[in-house]
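Down below is the structure, laid out as structure tokens.
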Amino acid sequence: MGPTDYDIAIAGGGLVGAALGALLLRQGRVDPQRVLLLERDWPEAPAPGTPLDLRVSAYSRASQQVLQSCDAWRRLDATRSAPYERMQVWHEGIAPESADALRFEAAEIAEPDLGAIIENRAVQAALLAAYVDAGGQVQRERLVGLTQSAECVQLQTESGPCSARLLVGADGAASRVRELAGITASQRSYGEQAIVATVRSAQPHRFTAWQSFLATGPLALLPLADGQCSIVWSAVDDEAARLMALEESAFNLALTRASGGALGALALSSERWVFPLRRLSADHYVAGRCVLVGDAAHVIHPLAGQGVNQGLLDAASLCEVIADRPSREDVGALRLLRRYERARRSGNALMGTMVDQLDGLLTGKVGFGGRLAREGMGLVARHALLRQFFVRQAMGVAGDLPRAARALR
Ligand SMILES: Cc1cc2nc3c(=O)[nH]c(=O)nc-3n(C[C@H](O)[C@H](O)[C@H](O)COP(=O)(O)OP(=O)(O)OC[C@H]3O[C@@H](n4cnc5c(N)ncnc54)[C@H](O)[C@@H]3O)c2cc1C
């Protein structure tokens, strides 16, 4: 094979692309000089003492392990993350503390927490710093075109061309790599929008992630390190537009009512942002020497807080097949990329389907399926073994995990 500028180019240094870069340099048996990350928007880590960002995510225990494997975890300011020790889930027909509400406790399986709520910007900055410190190459610009040959991918960036044996599309839901590589995807709108904001609560959040299923969509209250909560309030389009148009005091009343009073009166302490919700599933994760990870490959409803968690497992899995290749095997060999696709695609699709079914059954119409689901919730609430099963799922520690996501204990 002829020479190329890089072995691996990653388009997109968001949470997933940056994690992949940092992991590859530590565990992928690759030369840092031959790995390129293309990312134009390069965030600064939040300064100590500044208010928490509006965009936060729930990182499972498996994801925390991936962040450790990336050498990013130690770079995070622990005073800005909130471990959550339990989840409380109910539907609007019952009280938040009812015996039929689901309560998942980390303590039930002798763990200190289920995961942590951390600012997206802090995690992305820590991952990018870990990548740069390990000697990875960076171009602060975008991929604008590509052509593939049997031997390499020719990339067009905003400043000119370069070549790589493997191009990873980590460029999010509107992935250029997916489009340019000719990978088709099934996509649809949920007909819902997610309203995100920070709120103060009259009662302490008790390091609990609260989730209520309303007829118009799910509402999550995630505990923050400063004692406030982050809300992700998904609602059908009309209802979301109505809620966004409400004055602050009316919105606070609607929010407190929607939360079933779980934390007493709730009041906005930030502006409200709104995100249209889409489902996307790439029909393939691989085309020639291009491969997709993270939201470029799959986008699901945020109600289960699994998008980043799935993406970090994609990164860990792709890094593992690259690390385990025979010495001198081409990093863009289709055989390797297919192994990654087999490891991740069906599990990601299954997660998306399960989340959609949960959304369909527990929100909206009361119908027979909805009644069954609500009764099922009560059943799980009363059985320790079933609860422990779901706790392990929520922590992301169930099933066959890639090495970088396994606990070191
Ligand atoms: C309201 C809401 C709440 C959520 N909460 C959670 C949660 O609690 N837990 C969870 O796990 N997930 C959550 N998610 C999902 C999560 O935010 C996404 O899954 C995650 O951000 C995807 O990361 P990514 O790196 O794949 O993509 P992105 O974050 O979209 O990053 C893509 C990157 O690629 C760059 N880029 C784009 N085009 C190009 C190009 N042509 N060339 C080079 N670079 C390019 C962009 O600048 C960007 O930095 C939530 C989503 C929403 C909408």
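What is the angle, in °, between the Cα long axis of helix 307-323 and the longest principal axis of the Cα atoms in the chain? Nearest 10 is fine, range 0 to 90. For helix 307-323, the angle is close to 30 degrees.
The smallest convex shape that holds all Cα atoms of the chain, its convex hull, gives 137 Å³ per residue.
Taking the alpha carbon gyration tensor of the stretch 176-237, multiplying each eigenvalue by 5 and rooting it gives semi-axes of 33, 16, 9 Å, largest first. Here the label points at S327 and A150, each 7 Å from Cα along the C-beta direction, are separated by 2.7 nm in the simple model. For the stretch 38-85, the square roots a ≥ b ≥ c of the C-alpha gyration tensor eigenvalues yield an a/c of 1.5 or more together with a/b not exceeding b/c, which makes the shape oblate.
Rg and Dmax of the stretch 312-358, based on Cα coordinates, read 13.2, 46 Å. The overall shape of the stretch 77-211 is prolate: from the C-alpha gyration tensor, with semi-axes ordered a ≥ b ≥ c, the ratio a/c is 1.5 or greater and a/b exceeds b/c.
With semi-axes defined as the square roots of five times the eigenvalues of the C-alpha gyration tensor, the equivalent ellipsoid of the stretch 27-133 measures 34, 17, 12 Å, largest first. Counting only alpha carbon atoms, the long axis of helix 15-27 and the longest principal axis of the chain meet at about 50°. Working ranking of peptides 138-149, 205-216, 4-15 by packing, defined as the average number of other Cβ atoms within 10 Å per residue, highest first, is 4-15, 205-216, 138-149.
Only the coordinates and a few stated rules stand behind these numbers; no lab work does. Since the model is a prediction, treat every value here as computed from it, not as a measurement. Heads up, the Cβs are rebuilt from the backbone with ideal geometry, glycines too, and the neighbour counts pull from every protein chain shown.
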